[in-house]
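The values are calculated or read from the model by the stated rules, or taken from the named source; none is laboratory data. For clarity, every value in this text was computed on a predicted model and none was experimentally measured. Cβ placement follows ideal geometry from the backbone for every residue including glycine, while neighbour counts extend to all protein chains displayed. Note: areas computed on protein heavy atoms with side chains; ligands, DNA, RNA excluded. Shrake-Rupley method; radii C 1.70, N 1.55, O 1.52, S 1.80 Å.
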Amino acid sequence: TIRQKPHTQTNTLSGYIIDTIDIGDQWSVVGGLRFDRFHARFDQNFGATTQHFKHTDNVASPRVAVVYKPMDNTSVYVSYGTSYNPSAENLSLAASNKDLDPEKDRTYEVGAKATVLDGLLGLTAAAFDTKMTNARITDPVVPSLQTLAGELHVKGVEFGAQGHITENWEIVAGYTYLDPSSVGLVAAGVKGPIPNTAHNQANLWTTYDFDSGWKIGAGLNYVGERNAGIDNATVPGSVI
């Protein structure tokens, strides 16, 4: 039986400015600012209960990075950036979150890039720290509402390789390790995991061209074990 037919429409208007300043031959500073106006409208006209919600977010997202190039084929960088998640990010707006400001996070990252094998193969490595200090959680005072009082924190490293090992042998590979943690998803002030976030992820795709009209390739994607949900604080074993 069809009980509801929700319809959500979102419109985003964005603008950004970015500039790179070179300091000598080895140093560069990159700065940027992006502005988004995100508007969402939710209509549920079917069934016994009709609902209509509107919400607009105006958010600025700055970023800055410093890049050092010790050699022509190598660069090292450190960066800082922000991003946001509005309440209607998954095309769903409800009475519990229609008045909430967007979630915001900040990310620090340090990494390096290099080209080897006479420029055929590119290698990357990075370490990062991302934290969201106003994650949406159930309001402990009014459980029918959500509040921006949770915390999500992910630290990790990633490695990548893309290009050719030889002129005929191409490879795309990567590995990521994540260390996720949260506060407030289980209950206000309670520490726990972040659902659907694996510690280990890896991918590999490689092809070989025989120069005779034939090419062979193979690949794999690996995602480690993840928590499918979080136990409810009052009913252990249930998923929220």
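Given the structure, is ALA135 among the small types (Gly, Ala, Ser), open to solvent by less than 40 Å² (accessible area, probe 1.4 Å) and under 30 Å from MET71 (Cα atoms)?
Details: among the small types (Gly, Ala, Ser): yes; open to solvent by less than 40 Å² (accessible area, probe 1.4 Å): yes; under 30 Å from MET71 (Cα atoms): no.
In short, no.
Answer yes or no: is there a residue in the range 70-79 that is open to solvent by 70 Å² or more (accessible area, probe 1.4 Å), part of a strand (DSSP E or B), more than 25 Å from THR10 (Cα to Cα) and modelled with pLDDT under 95. Walk me through how you get there before you give the answer.
Let us first name the residues in the range 70-79 that are open to solvent by 70 Å² or more (accessible area, probe 1.4 Å), namely 71-72, 78.
Going one step further and asking which of them are part of a strand (DSSP E or B), we end up with 71, 78.
Those still in the list that are more than 25 Å from THR10 (Cα to Cα) too: 71, 78.
Retained after the next criterion (residues that are modelled with pLDDT under 95): 71.
Yes; the residues of the range 70-79 include at least one that is open to solvent by 70 Å² or more (accessible area, probe 1.4 Å), part of a strand (DSSP E or B), more than 25 Å from THR10 (Cα to Cα) and modelled with pLDDT under 95.
One residue is enough: does the range 146-153 have a residue meeting the conditions in contact with a His (Cβ under 9 Å, 6 or more places away or on another chain), surrounded by 15 or more Cβ atoms within 10 Å (Cβ to Cβ), over 30 Å from PHE210 (Cβ atoms) and modelled with pLDDT under 95?
No, the conditions are met nowhere in the range 146-153.
Test ALA40 against the stated conditions and say whether it is within 26 Å of LYS131 (Cα to Cα), touching a Leu at 6+ places or on another chain (Cβ under 6 Å) and assigned to a strand (DSSP E or B).
On the way: within 26 Å of LYS131 (Cα to Cα): yes; touching a Leu at 6+ places or on another chain (Cβ under 6 Å): yes; assigned to a strand (DSSP E or B): yes.
Criteria met by ALA40.
Could you tell me whether any residue of the range 162-173 is open to solvent by 40 Å² or more (accessible area, probe 1.4 Å) and either in contact with a helix residue (DSSP H, G or I) (Cβ under 8 Å, 6 or more places away or on another chain) or closer than 28 Å to SER61 by Cβ (or both)?
yes
On the given criteria, is THR133 modelled with pLDDT under 95, of a type in the set (Ser, Thr, Tyr) and either under 24 Å from SER96 (Cβ atoms) or over 19 Å from the mean Cα position of the chain (by Cα) (or both)? Give the derivation first.
Numbers: modelled with pLDDT under 95: yes; of a type in the set (Ser, Thr, Tyr): yes; either under 24 Å from SER96 (Cβ atoms) or over 19 Å from the mean Cα position of the chain (by Cα) (or both): yes.
Criteria met by THR133.
Please work out which residue is modelled with the highest pLDDT, limiting yourself to the range 202-240 and to residues that are outside any strand (DSSP E or B) and open to solvent by less than 70 Å² (accessible area, probe 1.4 Å). Even if it seems obvious, please write down each step before you answer.
Of all residues in the range 202-240, those outside any strand (DSSP E or B) come to 210-214, 224-230, 232-238, 240.
Retained after the next criterion (residues that are open to solvent by less than 70 Å² (accessible area, probe 1.4 Å)): 224, 229-230, 232-233, 237-238.
Working: GLY224: 94, GLY229: 66, ILE230: 60, ASN232: 54, ALA233: 51, GLY237: 47, SER238: 45.
Checked the range 202-240; the qualifying residue modelled with the highest pLDDT is GLY224.
Could you count how many residues in the range 169-224 are among the charged types (D, E, K, R), without any contact (Cβ under 8 Å) to a residue 24 or more places away in the chain and over 26 Å from GLN146 (Cβ atoms)?
Going through the range 169-224, the residues among the charged types (D, E, K, R) turn out to be 170, 179, 191, 209, 211, 215.
Going one step further and asking which of them are without any contact (Cβ under 8 Å) to a residue 24 or more places away in the chain, we end up with 191, 215.
Within this subset, residues satisfying the condition of being over 26 Å from GLN146 (Cβ atoms) are 215.
So the answer is 1.
Kindly indicate whether any position in the range 44-52 is touching a strand residue (DSSP E or B) at 6+ places or on another chain (Cβ under 9 Å), modelled with pLDDT of 90 or more, open to solvent by 90 Å² or more (accessible area, probe 1.4 Å) and under 19 Å from PHE128 (Cα atoms). Lay out the reasoning, then the answer.
First, the residues of the range 44-52 that are touching a strand residue (DSSP E or B) at 6+ places or on another chain (Cβ under 9 Å): 44-46, 50-52.
Adding the requirement that they be modelled with pLDDT of 90 or more leaves 52.
Narrowing further to those that are open to solvent by 90 Å² or more (accessible area, probe 1.4 Å): 52.
Of the ones still in play, those that are also under 19 Å from PHE128 (Cα atoms) are none.
No; the residues of the range 44-52 include none that is touching a strand residue (DSSP E or B) at 6+ places or on another chain (Cβ under 9 Å), modelled with pLDDT of 90 or more, open to solvent by 90 Å² or more (accessible area, probe 1.4 Å) and under 19 Å from PHE128 (Cα atoms).
Mind telling me which of the residues ASP57, ASP36 ends up being crowded, with 17+ Cβ neighbours inside 10 Å and touching a Gly at 6+ places or on another chain (Cβ under 9 Å)?
Numbers: ASP57 fails: touching a Gly at 6+ places or on another chain (Cβ under 9 Å).
Of the residues listed, the single one that is crowded, with 17+ Cβ neighbours inside 10 Å and touching a Gly at 6+ places or on another chain (Cβ under 9 Å) is ASP36.
Suppose the filter is in a strand (DSSP E or B), within 30 Å of ALA95 (Cβ to Cβ) and under 21 Å from the mean Cα position of the chain (by Cα); does PHE53 pass it?
Details: in a strand (DSSP E or B): yes; within 30 Å of ALA95 (Cβ to Cβ): yes; under 21 Å from the mean Cα position of the chain (by Cα): no.
Spelling it out, it is not the case that PHE53 is in a strand (DSSP E or B), within 30 Å of ALA95 (Cβ to Cβ) and under 21 Å from the mean Cα position of the chain (by Cα).
Among the listed residues LYS113, LYS98, which satisfies the condition of being open to solvent by 60 Å² or more (accessible area, probe 1.4 Å) and either under 30 Å from ARG3 (Cα atoms) or part of a strand (DSSP E or B) (or both)?
On the way: LYS98 fails: open to solvent by 60 Å² or more (accessible area, probe 1.4 Å).
So the residue among LYS113, LYS98 that is open to solvent by 60 Å² or more (accessible area, probe 1.4 Å) and either under 30 Å from ARG3 (Cα atoms) or part of a strand (DSSP E or B) (or both) is LYS113.
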